[in-house]
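What follows is a set of notes on a single structure, which appears directly below.
Read-outs: derived from the displayed coordinates by stated rules, not from any lab. Given the structure is predicted, the values throughout are model-derived calculations rather than measurements. Note that we place each Cβ from the backbone using ideal geometry, even for glycine, and neighbour counts take in every protein chain shown.
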Amino acid sequence: MDAARIFTVYGAQGILFAFFIFLAYKILKRDRKRLNLIFSMFYLSVAVGLLINFIYAPMEDAALELVVLLMNFLTNFFISFAVIFLVVFELILLKSEKVVTFGKQLLVIVGYGAALFCMIFFLSIFTPGIGVTINQFTDWKPVWEIEFFIYVAIVVTLGSIIPTLYFAFKISKKFEDEVLKKKWKFFIIGVIALFIFMYGIYLL
């Protein structure tokens, strides 16, 4: 691993990992009702993805190429999957748990997860040339083919990013308290920053 990648993976992402674990702990410590569990799952899913990234990043052995490829897939999956918990969290805030029942919550989460999991069929082990390549020829950095990127971008953007931002702005209009409005604006800014980071983590 070169110095830049070490700093990115274990420095910047390491700080984010620790911060997200801390936030999940604080949320669950405060209250373990379903709304808080769903919100904490957003942070925990990202943390799991980053942890897997920490494990496979230093693997630079041709004998481990398949392991590295699959672990890269899991990293991408858990980080991308995390955002659906924000969608469900916001839906409950907007409509209440009586309207957005557990069955509906599960349907949204499982449906998005299934669509996201289908990206495994684009991996080079199944479809050479249209997935992800990670080996000594790419300096052990993931190289995405355009077909794979388009599929992931469509699923993530339409399935989670657009709904998250749409519901977030709808919720912000309901706040009458200026302090809550300000806090929610910071939340939206943080979510946008995370989306930018999320697209970056795919390739590291």
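A few comments on the model shown:
- Taking only the C-alpha atoms of region 48-184, Rg followed by Dmax gives 18.4, 59 Å.
- FRET E, pair CYS118, PHE169, Förster distance 35 Å, beta-carbon r, rounded to 0.05: 0.75
- Each of ALA57, VAL110, PHE169 was scored by the projection of its Cα onto the charge dipole of the chain, and the greatest displacement toward the positive side belongs to PHE169; charges sit on the C-beta of Lys, Arg, Asp and Glu.
- Mean Kyte hydropathy of -1.0 or more with a Cα span along the axis of at least 20 Å, helices from DSSP in the chain: 13-30, 34-56, 65-95, 102-117, 178-201
- For region 1-124, Kirkwood radius (reciprocal of mean inverse C-alpha pair distance, Å): 15.9
- Scoring 177-188, 74-85, 22-33 by mean Cβ neighbours within 10 Å over their residues and listing the highest first yields 74-85, 22-33, 177-188.
- Point-to-point label distance, ILE6-ILE192, nm (Cα→Cβ direction, 7 Å offset): 3.6
- Think of each Lys and Arg Cβ as +1 and each Asp and Glu Cβ as -1; about the Cα centre, that makes the dipole of the chain roughly 1340 debye.
- Counted by Cβ distance under 10 Å from VAL68, the other residues give a net charge of -3, where Lys and Arg count +1 and Asp and Glu count -1.
- Other residues lying with their Cβ under 13 Å from the Cβ of VAL87 contribute a combined charge of +2, Lys and Arg counting +1, Asp and Glu -1.
- Rounded if a/c under 1.5, otherwise prolate or oblate - region 154-204, Cα gyration tensor axes: oblate
- Surrounding net charge for ASN53, when Lys and Arg each add one and Asp and Glu each subtract one, Cβ distance under 13 Å: +2
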